[in-house]
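Read through the structure below, which is laid out as structure tokens, and then see the notes.
The values are calculated or read from the model by the stated rules, or taken from the named source; none is laboratory data. Everything numeric in this text was worked out from a predicted model, so none of it was measured. Cβ: placed from backbone, ideal geometry, glycine included. Neighbour counts: every protein chain shown.
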Amino acid sequence: MPASSHELFARAQQRMPGGVNSPVRAFRSVGGEPFFAARASGPWLWDVEGRRYVDYVGSWGPMIVGHAHPEVLRAVRETMEHGLSFGVPNPLEVEMAETLCAMVPGLEMVRMVNSGTEATLSAIRLARGATGRTRIVKFEGCYHGHGDSFLVKAGSGALTLGVPDSPGVPRALADLTSTLPYNDFEAAERLFEEAGDEVAALIVEPIVGNANCILPAEGYLQHLRTLCDRHGALLIFDEVMTGFRVAPGGAQERYGVRADLCTFGKIIGGGMPVGAYGGRAELMRQVAPSGPVYQAGTLSGNPVAMAAGLATLRLIREPGFHPRLEAATGRLCDGLEQAAREHGVTFSTSRTCGMFGLYFRARPATSFREATDIDHDAFRRFFHAMLERGVYLAPSAFEAGFVSAAHGEEEIAFTVEAARQAFALLARS
Ligand SMILES: *Cc1c(COP(=O)(O)O)cnc(C)c1O
């Protein structure tokens, strides 16, 4: 008998903080214990006990073409036969840089790193180096990885666990980060009027996916662009989640707003640990060795990771990929809302291409305050009712859900039927 999830979690808790290597996985906000994955294929995830779940987490974003896609696996297999890491440049890095620049509007040069966290840390170092300024502006509930400067009113696991301002971050550094309420036009204007000339960069998730899923108000991203231009600050779009998902060229393409620097991760690694940052050539040329802003990485541009990412990016460039993904996301969300209505449960969804938010409130949130003003208990019960019925949703009300290209009619119908039963349970108690 292989070990059960419960046995594994007991062992894990002895030797790993909270039994996990990344906090949200521990199920703290929904209660209970996480399941341990044995394998995954397409839209499905199997636990070590052989139970199967339709997966709406998708490894938190990378698995946009579904798990274990044969073409991604083939690319990885073929590449690894030639060696796992070289420490000298390899051709796949060039292909990756060219591919990213061809897909993302305004992207002229990129640097590959190993995680989204590294990408955002490096991007703000570059912004500070390029502007000679120190202040960073971020938004409440936005998550940009676990770098010191970002753990101020942070989203995702930091929010889920109630530690948005982490101990261990020196006060002197945290003081250099200002926060704003997302979608509030005037608050941004006021902050820039008061301190705009100190601001090196404003960093934003163009669609907030780490405090549930909040879409930008009409004109909001353009408003941020205008403020940054007026005050000589750089605009950074953190597209680690939205990149290549909400459109082939990410949120910049979808909303027609250009950032000065962008950060990427998740999808561009196809499930391998990868991140990247990039922007206009004039800015990127300030990065070492062509410029003085230092940043490096032993495994950066790893050939196997590049191969997985490139195979994934090839698949999402097939004609009709994003329209199909957006339609599937819409069908799922419409189905869930319909199922809730049938049972008189107050519930709504927000959605964009391949990404959605679930809200136990009458309307999806347009602000961080609204996103946190939800019925947590209803979410918790819904999460577990769905899990028992073979649907794995993000184990926190503060995370976006993800639909992949492998989620077909059948899996969506299965999910909506599970939701019907889950809402019925909620309505009864
Ligand atoms: C996931 C995420 C990150 C952090 O990426 P890691 O690879 O987990 O370090 C940064 N920004 C956003 C928007 C993310 O969703």
In region 77-123, residues that are in contact with a Pro (Cβ under 7 Å, 6 or more places away or on another chain) and within 16 Å of the ligand (Cβ to nearest atom) total 2
Is it the case that region 169-190 has a residue that's assigned by TED's automatic domain parsing to the domain that holds Ala259, in a loop (DSSP other than H, G, I, E, B), more than 12 Å from the ligand (Cβ to nearest atom) and within 24 Å of Pro17 (Cα to Cα)? yes
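Report yes if Glu253 is in a helix (DSSP H, G or I) and either outside the structural domain of Gly145 (by TED's automatic domain parsing) or modelled with pLDDT of 95 or more (or both), otherwise no. Walk me through how you get there before you give the answer.
Working: in a helix (DSSP H, G or I): yes; either outside the structural domain of Gly145 (by TED's automatic domain parsing) or modelled with pLDDT of 95 or more (or both): yes.
For Glu253, the condition - in a helix (DSSP H, G or I) and either outside the structural domain of Gly145 (by TED's automatic domain parsing) or modelled with pLDDT of 95 or more (or both) - is met.
What's the total number of residues in region 118-146 that are part of a loop (DSSP other than H, G, I, E, B) and within 16 Å of Cys262 (Cα to Cα)? Break it down into steps so the answer makes sense when it comes.
Step one: list which residues in region 118-146 are part of a loop (DSSP other than H, G, I, E, B), which gives 132-134, 140-146.
Retained after the next criterion (residues that are within 16 Å of Cys262 (Cα to Cα)): 142-145.
Adding up the residues that qualify gives 4.
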Taking the conditions exactly as written (buried (at least 17 other Cβ atoms within 10 Å of the Cβ) and either in the same structural domain as Lys266 (by TED's automatic domain parsing) or closer than 19 Å to Val403 by Cβ (or both)), does Gly66 satisfy them or not? yes
Can you find a residue that is of a type outside the set (Phe, Trp, Tyr) and at pLDDT below 95 anywhere in region 200-210? yes
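Give the residues of region 225-243 that are within 16 Å of the ligand (Cβ to nearest atom), in contact with a Gly (Cβ under 6 Å, 6 or more places away or on another chain) and not polar (S, T, N, Q), sorted by residue number. Talk me through it step by step, then tell me what you get.
Step one: filter region 225-243 for residues within 16 Å of the ligand (Cβ to nearest atom), giving 235-243.
Retained after the next criterion (residues that are in contact with a Gly (Cβ under 6 Å, 6 or more places away or on another chain)): 239-243.
Across region 225-243, the qualifying residues are Glu239, Val240, Met241, Gly243.
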Conditions (1) modelled with pLDDT under 95; (2) more than 30 Å from Asp184 (Cα to Cα); (3) β-branched (Val, Ile, Thr) -> Ile374 fails only (2)
When region 114-146 is checked residue by residue, the ones that are at pLDDT 95 or above and among the small types (Gly, Ala, Ser) are Ser115, Gly116, Ala119, Ser122, Ala123, Ala127, Gly129, Ala130, Gly132, Gly145
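Is it the case, given these coordinates, that Ala201 is within 24 Å of the chain's Cα centre (by Cα) and either outside any loop (DSSP other than H, G, I, E, B) or outside the structural domain of Leu126 (by TED's automatic domain parsing) (or both)? Spell out how you get there, then give the answer.
Details: within 24 Å of the chain's Cα centre (by Cα): yes; either outside any loop (DSSP other than H, G, I, E, B) or outside the structural domain of Leu126 (by TED's automatic domain parsing) (or both): yes.
In short, yes.
Within region 145-167, take every residue that is within 11 Å of the ligand (Cβ to nearest atom), out of contact with any Lys or Arg (no Cβ under 7 Å at 6 or more places or on another chain) and not aliphatic (A, V, I, L, M) and give me the one that is nearest to Arg369 (Cα to Cα). If you could, list the steps in order and put the result at the bottom.
Restricting attention to region 145-167, the residues satisfying the condition of being within 11 Å of the ligand (Cβ to nearest atom) are 145-147, 150, 154-157.
Among the residues that remain, those that are also out of contact with any Lys or Arg (no Cβ under 7 Å at 6 or more places or on another chain) are: 145-147, 154-157.
With not aliphatic (A, V, I, L, M) added as a condition, the list becomes 145-147, 155-157.
Details: Gly145: 21, His146: 22, Gly147: 24, Gly155: 12, Ser156: 15, Gly157: 17 Å.
This residue is Gly155.
Residues that are farther than 28 Å from Ser350 by Cα and of a type in the set (A, V, I, L, M): does region 202-209 have at least one? Walk me through how you get there before you give the answer.
Going through region 202-209, the residues farther than 28 Å from Ser350 by Cα turn out to be none.
Taking every residue of region 202-209 in turn, none turns out to be farther than 28 Å from Ser350 by Cα and of a type in the set (A, V, I, L, M).
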Which one of the conditions (1) assigned to a loop (DSSP other than H, G, I, E, B); (2) not assigned by TED's automatic domain parsing to the domain that holds Phe264 does Ser300 fail to meet, given that it meets all the rest? (2)
Out of region 398-415, which residues are surrounded by fewer than 24 Cβ atoms within 10 Å (Cβ to Cβ) and of a type in the set (A, V, I, L, M)? Ala405, Ala406, Ile412, Ala413
